[in-house]
Amino acid sequence: MELKNKLTVNASPHVGSADTTTGIMLDVIIALIPAGIASVFIFGARTLAVIAVAVITAVLAEFLSRKAMKREQTIGDLSAAVTGLLLAYNLPSNMPLWQVALGSIIAIVVVKQMFGGIGQNFVNPALLARIVLMSAFPGRMSAATFAGLNKIGWDIDAVTGATPMGLISLESGLSSDAPSLIEMFLGTTSGCLGEVSAIALLIGGLYLIIRKVISPIIPVAYIGTVALISIIAFKGDFNAMIYEVLGGGLIIGAFFMATDYTTSPITKSGKWIYAIGAGLITCIIRLFGSLPEGVSFSIIIMNIFTPHIESLTAPKPFGYVKPEKKKKEKKAKEKEEAKS
Amino acid sequence: MASKKIEGALKPAAKGRGGVRVSHHKNTCTLEVVRMPAPERVILPMQQHIGAPCIPTVKVGDEVKIGDVVGDTDAFVSAPIHATVSGKVVAVGPVKVADGSMIPAVTIESDGKMTDADFKVPKVNSREDFLKAVRASGLVGLGGAGFPTHVKLAFKEDAGVDTLIINAAECEPFITVDHRECIDNSWDVLSGIYTVKEILGFKNVFIAIEDNKCDAFEILQKIASNNADWDDSVKLVILKSRYPQGAEKVLIESVTGKRVPPGKLPSDVGVVVMNVASISFLGRYLKTGKPLVSRSLTVDGSAIKEPKNLRVPIGTEVSKIIEFCGGFSSEPYKIISGGPMMGIALCDIDVPILKSNNAILAFSKDQVRIKKERDCIRCGRCAEACPLNLMPSKIEIRAALGDAEGCEALHATTCMECGSCAYACPSGKPLVQHMRLAKAVILANAVNREESEK
C-alpha cells in the first residue's frame, strides 16, 4: 500500500482528553438551567424574554464583531451564549429589552472582542455590562421586582421594593421586614433573575464541581470569607450571617462569575488569594459602602488583580531548589553592610 | 485487569502531582511475545542512542554474522551497533529514520541462516570489567529514551548512589512489552537485577509496577521467593496507574519520595532507574554474551489486522513488521513509533526499528481524537496536568513572542515533553510542540549571547 503523503504527521501526544471548549461552555449552560427555571416561577414568563434577548444579542454581537474584524468565527464555542445567559441572570425581570440588548453588546463587543476575544478579556464581560447598566439606568436596576409565586404570567406590575440586601445593615442588624431565610434559600424574594434562588444555583454549582469544570476553591473560599466576616461583624448573629451568604448575588457570583477561567488565577494558591480578596471587598462594600451589594464590584476588582496574583503565585518546578549562590551573595552583602 | 491489593508490595512513597488519566488500551497484554522470522534485510542507523553517532566499521560486500560490530566510536556517550542478521553488507550510507532525518546506516542483506558470531560470556571481576562489558553489549535504555546504559551506570563508587529502580510502570497506553518481559522472562529480569546489584553495590532495589499489571508482580514475587540464593532486598512497589507514572523523575518520587531538581540527574539524588527490558537483557547477556541485536515491541492500533507482541531484529523495516501482523485492516490515518503520548508520528513506513522503539501503532481516523485548535481559555488544565509543576500555557505565550528570558523564567527547559498538558487541553493546543519551540528559543538566545561575547 502506498502510504507516502497520506499519513498524518504531527507532534505528540496523539491522543487527547474528551474535554473541549464547547463542552465546557455547554456544561456551564446546563448548570445554569435550574436557576433559569426557578426564575420563571419566581418572576414570571417575562424572564424568558430577557434571557432570550440577552443570549441572542450576545451571540449576534460576537458573530458580527468577528466578521467585522475578519477573524475566525467563534460562536460555535458557546462562550458568547454563556456570557449572554449570565448577563440576563444579573438583570431584573422587568428590564426594558433594548437595555438588555445594550448590555449584551457592551459585554461582547467592548469587554470581550475589543480585547481579543475568548481568553483575553481582563474582567468578566457579563459583570462589567451589569455595572454599566447599573450606572446608566440606576432606577431600573435597583427597583428589583418580585411578582409572587401566584403570578406566573407576562404582566410585570409586580411589587417593586428594596432588594433584600437593603434590609440588613451593620447598625440595625437584620430588619424585621426582611424575607425569611427559607424564602432567601428558595429565592422567592426580589432581586435579579438568576441570583435569587440559592438552591437552584447550588445544584448548578455542584454540577460544575462534579464535572470538574470549576475547582471548589474559589466558591468555598469566597463564600467562606463572607460568612466569617459577617458572623464577626454581626456579633455572632447566625441568621444575619446566613442572610448575607444567601443574598446579594453571592452564590451566583461565587460559583459562576468569580470562577470565570479568563479572569481568575490558574494557580491553586492564587485562587485562594483571589477568592478571599473578593470576599473581603464584598463585605467592606456591603457593611461600610453606600451600595447595598458588593459582589459585582469585588469580582471585577479581583479580576484586575488576577495577572499579578498569578505571577506572584507562579509554581516552582518539580524539585526546584533555590540557587545557593544568590543566598550566599546576599548574606555576604548583608555582612558587608553591617560592617560598614 | 482490575487492580487489587497484594501482600508484600510496598506502597508508593509519594503521591506525586499532575498527570492525566489516559485509557490504557492494553489489548495485547495477554499475547506472548512471538519471534518474527528473519527479514530480507535490516537497516542499522549509526545513531540509535543519545550521544555521539557511531562510525561504520564495515564496508559494502563484507560478510557479517549476528553480533558482529558494524558501527562504533571512541566517544564515551555512545554505544556500538551490531549486525542483527547474518549476511552481506549491501550499502553504507544515509537512510531516512522515523523522525524524518537522514542518518548514515549500514544495510545488511540476510542470508536467511541467522548464524550467530562466536559470543564470549563476559568475564566480570570488577566494576570496570562490568561497565566495559555493558558498553560492548550495545545496550541503551530500551524504554524509549535510548540513553547508553554503561554511561548511566558509570557513577563514581563514592557518589552515594545506593538505590536502583527497575521501571516496569509502562504507563504509555497500548504498549505491553515490559509487562510481558516481567511475565515471560521473569528469571532474566531477576538474575539481571541481582547481578547488577552485587557488582555496583546497590543497597536498595525497587521494581516499580503500575497497579494494572499485578499478575507480573505475582510471578516475580513467586520466583524470587523460591530461589534461595536471592535475598529479599529487592522490593516490589505497586504504583497507581496514572500517566506519566513511568517518567524518570515522577517514578523516583513515587518510589523513594525524592525529587530530582531541574537540570540534575537521578544519580544526584542517589538513584539509578533502569527499564525492565534493559535489565532483563543484561541478565541474559551476562550469561550468553549475545549483544543487543533484537528487541520486543507491541504492534497494535485499530488499523492493524492482527495486533501482536513481537521480537524483531533491530533494523527491521516497519513495513515488514506490519506485513507480519497481517497488514492493515483499515486505512491508517496515523502510524506511530512508540506510544501514543510520546511516540513519533511516521511519515513513511520504510524506516527501520531502532534499539529504543517499543511499539508500532497504526490508528485509523476514528481512533485519533482530533480537536479543533482554538484560542486558550485559561482554564489551567495544562498547569494542573503538568507533573513537573510548569505552566505550559504561559510558556506558549512567551515562546510565540520569541522571549527567551520569559521562557527561562518559566523553566521551559525542565519540560520532559510527556504530553500531559496537550492531552488535557480543551482548546486542542499542540502544547508539546510549543514547549519544544520554547526550548529552541532559549537555545538560540544562548548561542547568540555566546557569539556576541566572543
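Worth a mention:
- In this structure, residue A:215 qualifies as within 17 Å of the chain's Cα centre (by Cα), in a loop (DSSP other than H, G, I, E, B) and among the polar types (S, T, N, Q).
- Candidates B:338, B:428: the one that is in contact with a Lys or Arg (Cβ under 6 Å, 6 or more places away or on another chain), at positive phi and touching a residue at least 12 places away in the same chain (Cβ under 8 Å) is B:428.
Per-residue answers, yes or no, for (1) open to solvent by less than 10 Å² (accessible area, probe 1.4 Å); (2) in contact with a Pro (Cβ under 9 Å, 6 or more places away or on another chain):
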{"site": "B:227", "(1), (2)": "no, no"}
{"site": "B:238", "(1), (2)": "no, yes"}
{"site": "B:266", "(1), (2)": "no, no"}
{"site": "B:274", "(1), (2)": "yes, no"}
{"site": "B:285", "(1), (2)": "no, yes"}
{"site": "B:290", "(1), (2)": "no, no"}
{"site": "B:327", "(1), (2)": "no, no"}
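- Of the criteria (1) modelled with pLDDT under 90; (2) over 15 Å from the mean Cα position of the chain (by Cα), which one residue B:209 fails: (1)
- Single residue of the range A:256-302 satisfying the filter (of a type in the set (Gly, Ala, Ser) and in a loop (DSSP other than H, G, I, E, B)) that is farthest from the other protein chains (Cβ to nearest Cβ): A:290
- Condition broken by residue A:291, with the remaining ones in (1) under 25 Å from residue A:206 (Cα atoms); (2) more than 18 Å from the chain's Cα centre (by Cα) satisfied: (1)
- Yes/no for residue B:52 being small (Gly, Ala, Ser) and either farther than 23 Å from residue B:417 by Cβ or touching an Asp or Glu at 6+ places or on another chain (Cβ under 8 Å) (or both): no
- Count of residues meeting criterion [open to solvent by 80 Å² or more (accessible area, probe 1.4 Å) and assigned to a strand (DSSP E or B)] in the range B:14-73: 4
- One residue from B:235, B:249, B:222, B:197 being of a type in the set (Lys, Arg), out of contact with any Asp or Glu (no Cβ under 9 Å at 6 or more places or on another chain) and within 14 Å of chain A (Cβ to nearest Cβ): B:249
- Checked against the criteria, residue B:94 counts as closer than 24 Å to residue B:358 by Cα, open to solvent by 60 Å² or more (accessible area, probe 1.4 Å) and at pLDDT 90 or above.
- Qualifying residue in the range B:150-165 (condition: modelled with pLDDT under 90 and over 22 Å from residue B:258 (Cα atoms)): no
- Out of B:352, B:426, B:430, sole residue that is at the interface with chain A (Cβ under 7 Å from one of its Cβ atoms) and open to solvent by less than 10 Å² (accessible area, probe 1.4 Å): B:426
- Residue match in the range A:165-181 (condition: open to solvent by 60 Å² or more (accessible area, probe 1.4 Å) and among the β-branched types (Val, Ile, Thr)): no
- Residues of the range A:17-38 that are farther than 23 Å from residue B:341 by Cα, within 14 Å of another protein chain (Cβ to nearest Cβ) and not aliphatic (A, V, I, L, M): A:22, A:27.
- Summed over the range A:16-51, the residues that are open to solvent by 40 Å² or more (accessible area, probe 1.4 Å), farther than 21 Å from residue A:199 by Cα and not β-branched (Val, Ile, Thr) give a count of 2.
- Selection count, the range B:390-420, where residues are more than 9 Å from chain A (Cβ to nearest Cβ), among the hydrophobic types (A, V, I, L, M, F, W, C) and outside any loop (DSSP other than H, G, I, E, B): 7
- Test: residue in the range A:116-125 that is open to solvent by 10 Å² or more (accessible area, probe 1.4 Å) and without any contact (Cβ under 8 Å) to a residue 12 or more places away in the chain: yes
- Filter result for the condition that a residue is under 30 Å from the mean Cα position of the chain (by Cα) and either more than 7 Å from chain A (Cβ to nearest Cβ) or of a type outside the set (Phe, Trp, Tyr) (or both), over B:377, B:360: B:360
- Contact map, the range B:185-206: first residue on the phi > 0 side of the Ramachandran plot, second residue at pLDDT below 90, Cβ cut-off under 8 Å, separation 6 or more or different chains; pairs are B:201/B:157.
- Unmet criterion (only one of (1) open to solvent by 50 Å² or more (accessible area, probe 1.4 Å); (2) assigned to a helix (DSSP H, G or I)) for residue A:227: (1)
- Subset of the range B:255-275 [in a loop (DSSP other than H, G, I, E, B) and among the aliphatic types (A, V, I, L, M)]: B:260, B:265
- Residues that are assigned to a loop (DSSP other than H, G, I, E, B) and either open to solvent by 40 Å² or more (accessible area, probe 1.4 Å) or away from chain A (no Cβ under 13 Å) (or both) within the range B:292-301 comprise B:292, B:293, listed in sequence order.
- Extreme residue, surrounded by the fewest Cβ atoms within 10 Å (Cβ to Cβ), among residues of the range B:388-417 that are within 24 Å of residue B:244 (Cα to Cα) and charged (D, E, K, R): B:408
The values are calculated or read from the model by the stated rules, or taken from the named source; none is laboratory data. Model, not experiment: these values are computed from the prediction. All Cβ positions, even for glycine, are placed from backbone atoms using ideal geometry, and neighbour counts span all protein chains on display. To get the accessible areas, we keep the full protein, side chains included, count just its heavy atoms, and leave off ligands, DNA and RNA. Shrake-Rupley method; radii C 1.70, N 1.55, O 1.52, S 1.80 Å.
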